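Following: one structure in structure tokens, then a few remarks.
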Amino acid sequence: VQLQASGGGSVQAGGSLTLSCAASGRTFSSAVMGWFRRAPGKEREFVAGISRIARYYIDSVKGRFTISRDNAKNTVYLQMNSLRAEDTAVYYCAVDVLHTSVILTTPKTYDYWGQGTLVTVSS
């Protein structure tokens, strides 16, 4: 199983980016898929997750980020708008194959991880 994340880059504050994470080797249409990030000097934190029936976001990205999935492409996306300097981090996609409805935020819950893509927001 491989998760290939892409779409990171450098933008100015207020700008937008869309991250993609394509999975191969296994179909994840029923699994929970999530995005995490690790800012410099900080722990990895949950950002957003999507199950078959729900989406969940941390408070700091609500209204600015949108997570979506295309099961036909086995891909999850993270549309990021109104980016702020504090969004600067390496973003990782992940898959929780055990759960299908409950979106958990603990990294150890997730079974597969992408390699990370760097998002840099300049103020």
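The values are calculated or read from the model by the stated rules, or taken from the named source; none is laboratory data. Note that the structure is predicted; figures quoted are calculated from it, not measured. In this analysis, Cβ positions are derived from the backbone assuming ideal geometry, glycine residues included, and neighbour counts consider all displayed protein chains. Just the protein is used for accessible areas: all its heavy atoms, side chains included, with ligands, DNA and RNA removed. Shrake-Rupley method; radii C 1.70, N 1.55, O 1.52, S 1.80 Å.
For the range 30-50, a tally of residues being touching a strand residue (DSSP E or B) at 6+ places or on another chain (Cβ under 6 Å) and either of a type in the set (S, T, N, Q) or open to solvent by less than 40 Å² (accessible area, probe 1.4 Å) (or both) returns 13.
Any residue in the range 4-33 that is over 18 Å from Gln79 (Cβ atoms) sitting within a Cβ distance under 6 Å of a residue that is open to solvent by 60 Å² or more (accessible area, probe 1.4 Å)? List the pairs, counting only those 6 or more apart or interchain. Once the first residue is over 18 Å from Gln79 (Cβ atoms) and sits in the range 4-33, its partners that are open to solvent by 60 Å² or more (accessible area, probe 1.4 Å) give Ser24/Gln2; Gly25/Val1; Gly25/Gln2; Arg26/Val1; Ser29/Asn71. Scanning the range 51-81 for residues that are of a type in the set (S, T, N, Q) and in contact with a strand residue (DSSP E or B) (Cβ under 9 Å, 6 or more places away or on another chain) returns Ser51, Ser60, Thr66, Ser68, Asn74, Thr75, Gln79, Asn81. Exactly one residue out of Leu104, Leu78 is of a type in the set (A, V, I, L, M, F, W, C) and under 20 Å from Arg26 (Cβ atoms), and it is Leu104. The selection criterion, being of a type outside the set (Asp, Glu), at pLDDT below 95 and open to solvent by 10 Å² or more (accessible area, probe 1.4 Å), holds for Thr27.
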